[in-house]
Amino acid sequence: MKAMSKQYRVLSLDLHDTVVWDTREIVDAQYEVRWNVLARGLRTAGGSRPSSEQLRKARDALYADLRSQGRPIESVPVTTQVESIRRFLGARYDAPMEEVVQSYAEGGLREHPPVFNPEAQALVGFLNQLGFPVVVITDTSRTGSAWKSFLERAGGLQLLDVVASTDVGACKPDRRIFLEAVHRAGVAAAQVLHVGDRWRWDVEGARGSGLGAALYRGLWSRAWDSDAREDEPPDNDASITCLDHLSEVLGLIGFS
C-alpha cells in the first residue's frame with residue numbers, strides 16, 4: 001500500500017459500535033462491578049457498606065437531577081458522579097477518594113469487557129505501523145484514561161488519546177468534545193477525519209466542528225439502544241461518505 005497526498009493527518013474514531021460493541025447484559029454486569037466498587041469504598045453513617053439497592057437509589061436521584069437540568073450523565077465528571085452518590089447516602093470514604101473514583105471509572109471493563117471490532121483492530125494496527133496518529137472520541141460515564149488503558153491493554157491499540165465526554169463536560173455533537181480532540185492531536189481541525197456510527201452525533205458533530213467525517217455502518221446490526229438508528233442520514237445528501245468496512249478509511253486518509 002502506497003501513501004498518496006494526504007489531507008488528513010489524524011484519524012478520530014468513535015468508540016461504541018465502531019471500535020467496540022456491547023450488549024445490555026454486558027453493560028448491566030459492568031454496573032454490578034461498579035456498585036461493588038462503591039460499596040467497598042464508602043461507609044454509611046452507621047458504619048456499614050451501602051447496599052446495591054441504596055446505591056441504585058442514589059444513582060436514580062442523580063439521574064433525575066440531571067434530567068431536570070437537561071444534562072446526560074455522560075457529561076458529568078466521574079468525580080462528581082461519585083461525590084453525588086456519596087452525599088445522597090450521607091456516607092464517607094473508606095479509602096482515598098482518588099482510588100475510589102478511579103476504580104469506579106474502570107469497574108467492570110476487565111471482568112465484563114465489550115467486544116472488540118476486528119476491523120478496528122486491523123485498521124488501528126496498520127496505522128500504528130505507519131506512525132499515523134489515532135484518537136478515540138466517546139460519550140461515556142467513564143474517564144478517558146480508563147478507556148485508553150483498557151483499549152491498549154485488552155485490544156492492543158496504540159492511541160494518541162481517548163477524549164471522553166466526562167473529562168470535557170460535553171457530549172457529541174457538541175463542538176467542545178471534537179475541538180478537544182483536535183487540540184490534543186496538535187493539528188488543524190480540517191486535518192482530522194472522524195469516523196463514527198451515528199449521523200447526528202458523529203458526522204454532523206464533526207463536520208460542524210470543522211473536521212472531516214464519515215459514517216460507519218458496519219456494526220449497525222449490533223446496536224441495542226432504542227435511539228441508535230433514529231438519526232440516519234438523509235438519502236439525498238451526496239456529501240455523506242458512508243462506510244460498510246473500516247478498511248475503506250485508508251483511502252479517505254490518503255493510502256491506496
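No lab work stands behind these numbers, since they all come straight from the coordinates. Worth saying up front: this structure is predicted, and the values here are computed from it rather than measured. Ideal geometry is used to build each Cβ from the backbone, glycine not excepted, and the neighbour counts take in all protein chains shown.
Rounded, prolate or oblate: which fits region 111-199 when a ≥ b ≥ c are the square roots of the eigenvalues of the alpha-carbon gyration tensor, with rounded for a/c under 1.5 and prolate only if a/b beats b/c? Oblate, because a/c is 1.5 or more while a/b does not exceed b/c. The helix-based estimate of mean residue ellipticity at 222 nm for the chain, built from -39,500 (n - 2.57) per DSSP H run of four or more residues and divided by its residue count, is -12500 deg cm²/dmol to the nearest 500. For region 1-153, the convex hull spanned by the alpha carbon atoms encloses 126 Å³ per residue.
Taking label positions 7 Å along the Cα-Cβ direction at both T23 and L130, the computed distance is 3.5 nm, reported to one decimal.
Can you order the peptides 187-195, 111-119 by their average number of other Cβ atoms within 10 Å per residue, highest first?
Order by mean packing, descending: 187-195, 111-119.
With the cut-off at under 16 Å, measuring from each backbone N in region 95-137 to a point 7 Å along the Cα-to-Cβ line of Q158 picks out 121-136. Shown here is the pair-distance distribution of the chain: with all Cα-Cα distances grouped in 5 Å bins from zero up to the longest one, the shares run 1, 6, 13, 17, 18, 16, 11, 8, 5, 3, 2, 1, 0, 0 percent.
Spin-label model, R207/E83: points 7 Å from Cα along the beta carbon direction are separated by 3.9 nm.
Both numbers refer to the Cα atoms of region 84-161; Rg and Dmax are 15.9, 52 Å. Extending 7 Å from Cα along the Cβ direction at R56 and again at Y93 yields two label points whose distance is 2.8 nm. When the alpha-carbon atoms of region 25-106 are used, the pair Rg, Dmax equals 12.2, 35 angstrom.
Diffusion of region 160-219 by Stokes-Einstein, at 25 °C in a medium of 0.890 mPa s and with Rh set to the Kirkwood radius over alpha-carbon pairs, works out to 216 µm²/s.
Remark: the chain carries a charge dipole of roughly 740 debye about the Cα centre, counting +1 on each Lys and Arg Cβ and -1 on each Asp and Glu Cβ.
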